[in-house]
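Heads up: the structure comes next, in structure tokens.
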Amino acid sequence: NNQRSTRITPPSKVTPELARFLGLALSEAHIEDGNIKFYNTDDGLLDTFETLSKRLFDITPKTGTQQGVPYVELTSKTLTEYLSACFDVFPLAESNTIGSTLLRADEQSRQAFLQAVFDAEGHVTEHGIVELTQKDCDLITLLSYLLAGFGIPSRRKAVQKQASNGSDTARTYHTLYI
């Protein structure tokens, strides 16, 4: 296909808005072949992802529903390449380091990233424990490092569970507890 990718003017530094976008994208988006498809049932998070997409990258996303779950979709190979090149926790990233750009970000940006990931993926158990489960163990490691930077201890555990997307296959997931 000879379509040109959507032009973007990428941010030159990590800001709290960019960090929030990254947290939402890493926690709940399917990223592949120049597409970022953010799934969530929370209208506020969908609106935030859409607003940040427009503000940060001047991309007007498409919205829809797939298997009963609303999504916001961005189509831009330029954007996915930028994210992979600058933030080594994205698919296609060539670096083996874990979120080094985010670890070096200012305090407000690290807070915004953590808040976005926990808003999208976390919950509080009936015993008052904050819990977040992810398939990507590198993201759990990054979250643990970022939390430790704020003096918040965490622990992690690998668990077998089924995905919430309806698949009956049990897979290894990684749970972070605070």
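The values are calculated or read from the model by the stated rules, or taken from the named source; none is laboratory data. Everything numeric here is computed off the predicted structure, so don't read it as measured data. Heads up, the Cβs are rebuilt from the backbone with ideal geometry, glycines too, and the neighbour counts pull from every protein chain shown. Surface areas here come from the heavy atoms of the whole protein model, side chains and all, with no ligands, DNA or RNA. Shrake-Rupley method; radii C 1.70, N 1.55, O 1.52, S 1.80 Å.
Heavy atoms only, probe 1.4 Å: what % of the accessible area of the chain goes to carbon and sulfur, would you let me know? Working shown, then result.
Numbers: 4530 of 10090 Å².
Of the solvent-accessible surface of the chain, carbon and sulfur hold 45 percent.
Under 18 Å between C-alpha atoms is the cut-off here; go through the chain and count lysine pairs that meet it, provided they're at least eight residues apart or on different chains.
Lysine pairs meeting the criterion: 10.
When ligands, DNA and RNA are left out and all protein chains stay put, how many square angstrom of accessible area per residue does the chain have with a 1.4 Å probe?
Value for the chain: 57 Å² per residue.
Compute the acute angle (0 to 90°) between the alpha-carbon long axis of helix 137-149 and the principal axis of greatest extent of the alpha-carbon atoms of the chain; round to the nearest 10°.
70
Compare the peptides 17-24, 54-61, 68-75, 113-120 by average per-residue count of other Cβ atoms within 10 angstrom and give them in order, highest first. Mind showing how you got there, number by number?
Details: 17-24: 24.4, 54-61: 16.0, 68-75: 17.9, 113-120: 22.1.
In decreasing order of mean packing, 17-24, 54-61, 68-75, 113-120 become 17-24, 113-120, 68-75, 54-61.
Please compute the length gained on full extension between Lys161 and Arg104, using 0.36 nm multiplied by the number of residues separating them and subtracting their Cα-Cα distance. Working shown, then result.
Details: separation 57, 0.36 × 57 = 20.52 nm, distance 3.31 nm.
Length difference between fully extended and current span is 17.2 nm.
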